[in-house]
Amino acid sequence: MATRPRLGYPVAAGVFAVGMAGTTLPTPLYGLYRQQLGFSELMVTIVFAVYALGVIAVLLLAGNFSDEVGRRPVLLVALGLSAASALCFLFEGGLALLFVGRLLSGFAAGLFSGAATVTVMELAPRGREARAGLAATAANMGGLGCGPLLSGLLAEYAPWPLRLPFIVHLALVAVASVLTWFLPETVKNRTRWPRFQPQGLAVPPEVQGVFAPAALAAFAGFALLGLFTAVAPAFAAQTLHVRNLAVTGAVVFSVFLGSTVGQALMARLGVRRALPAGCLILVVGLILVGASLAAESLALLVAGAVVGGLGQGLGFRAAMAALSAAAPPDQRGSTISAFFVAAYAGISVPVVGVGALTLWLGLRGAGLTFTVCVVVLAAGVGLYVLRRPPADS
């Protein structure tokens, strides 16, 4: 029993990764769904955006549930929602189940984002807090990246391309559920039923000077993630003429790999340097993405994914650290919730805009318009925080 807590945080990180992988599993498959169901690129982005609505709803309405009922019950519910989402895709018979599946996936991600991160941190033995923080970051972004990598490989090289990825994920969820059942519970004073208290979005005055640039940086970074997880497969197939789904999945994986590396590097740079550096590196990544569309170059797209992901990871973790340091302890939860709402608005609103623009400008024109708009936003935030850097946490 003495070793159980030491074994706990890597296992919790693995559960976290499995849960987050399920949220991006459909990414390389959207082109197949378009062929089967006959809907437009705009509809692809709307199906994707429903996921962000689910995440935001859970963050606002149930973000504190694991503090009351315990970490394990919330993780098990999240895994159940992830399994239900996979079943919707597995037995998909039209757009309705795709929407339901994405919404359930968003609910699962919203629960995982808070409960799984805290579980990994709380199960770390004394002296390994930094390692556990890196494990949580790697599980979150690594899981998001592994989802399209796994489904792309299975869809390209195995039978049942629209079924097998979700069957495999259901098996992984079953294993993760068993592991979660045996994880130590870290909440001591638990209640049987959580109190339904929607989280406010009020930003305290002490944070307002930091919040706006931090939220805008997160919005811009998550817009890049949304572009790759919703529209990049169509860019690869229709603009770059890449039809291999495994390659498409690997391209999406590369942006999350870059983000994981960026978040790991933030501690070495400190908040004052990491936030402006992240925004400006994101600008470089976006320019490379735009250049890949103009030149029809897969190599430039991969370079843009890695560089942009690196900037997103640096900026996101620095913004989070700056807000956590500036917020009063009794209002930290509402501040971080407001920050995540801004971030997940970034992963959905611009992407739907890209889908709408494809109806008039085509994929290349819509992608170039997107990159110009987000470059202007990220560059503006980067130059602002370069002149007025937040304090190191």
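The values are calculated or read from the model by the stated rules, or taken from the named source; none is laboratory data. Being a predicted model, the structure only gives us computed values, none of them experimental. In this analysis, Cβ positions are derived from the backbone assuming ideal geometry, glycine residues included, and neighbour counts consider all displayed protein chains.
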| Criterion: surrounded by fewer than 21 Cβ atoms within 10 Å (Cβ to Cβ), closer than 21 Å to L29 by Cα and in the same structural domain as F222 (by TED's automatic domain parsing) - qualifying residue of L269, L298, L265 | L298
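Kindly check whether there is at least one residue in the range 374-388 that is under 15 Å from A230 (Cα atoms) and surrounded by fewer than 24 Cβ atoms within 10 Å (Cβ to Cβ).
As a first pass, look at the range 374-388 and keep what is under 15 Å from A230 (Cα atoms): none.
No, that holds for no residue.
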| Counting only residues that are under 27 Å from A78 (Cα atoms) and in contact with a Ser or Thr (Cβ under 7 Å, 6 or more places away or on another chain), which one in the range 27-46 is surrounded by the most Cβ atoms within 10 Å (Cβ to Cβ)? | P28
| said: Tell me yes or no: at least one residue of the range 62-76 is buried (at least 19 other Cβ atoms within 10 Å of the Cβ), at positive phi and out of contact with any helix residue (DSSP H, G or I) (no Cβ under 7 Å at 6 or more places or on another chain). | reply: yes
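May I ask you to verify whether L95 is farther than 20 Å from E185 by Cα, surrounded by 24 or more Cβ atoms within 10 Å (Cβ to Cβ), out of contact with any Pro (no Cβ under 6 Å at 6 or more places or on another chain) and not small (G, A, S)? Write out each step before concluding.
On the way: farther than 20 Å from E185 by Cα: yes; surrounded by 24 or more Cβ atoms within 10 Å (Cβ to Cβ): no; out of contact with any Pro (no Cβ under 6 Å at 6 or more places or on another chain): yes; not small (G, A, S): yes.
So L95 does not fit the description; no.
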| said: What pairs come out if I take residues in the range 215-241 that are at positive phi and pair them with residues that are surrounded by fewer than 24 Cβ atoms within 10 Å (Cβ to Cβ) and modelled with pLDDT of 90 or more whose C-beta lies under 8 Å away, six or more apart or interchain? | reply: H241/E296
| note | Every listed condition ((1) at pLDDT 95 or above; (2) more than 27 Å from L98 (Cα to Cα); (3) aromatic (F, W, Y)) holds for Y157 save (2)
| task | Go through the range 81-113 and give me each residue that's more than 19 Å from T24 (Cβ to Cβ) and assigned to a helix (DSSP H, G or I). | result | L95, A96
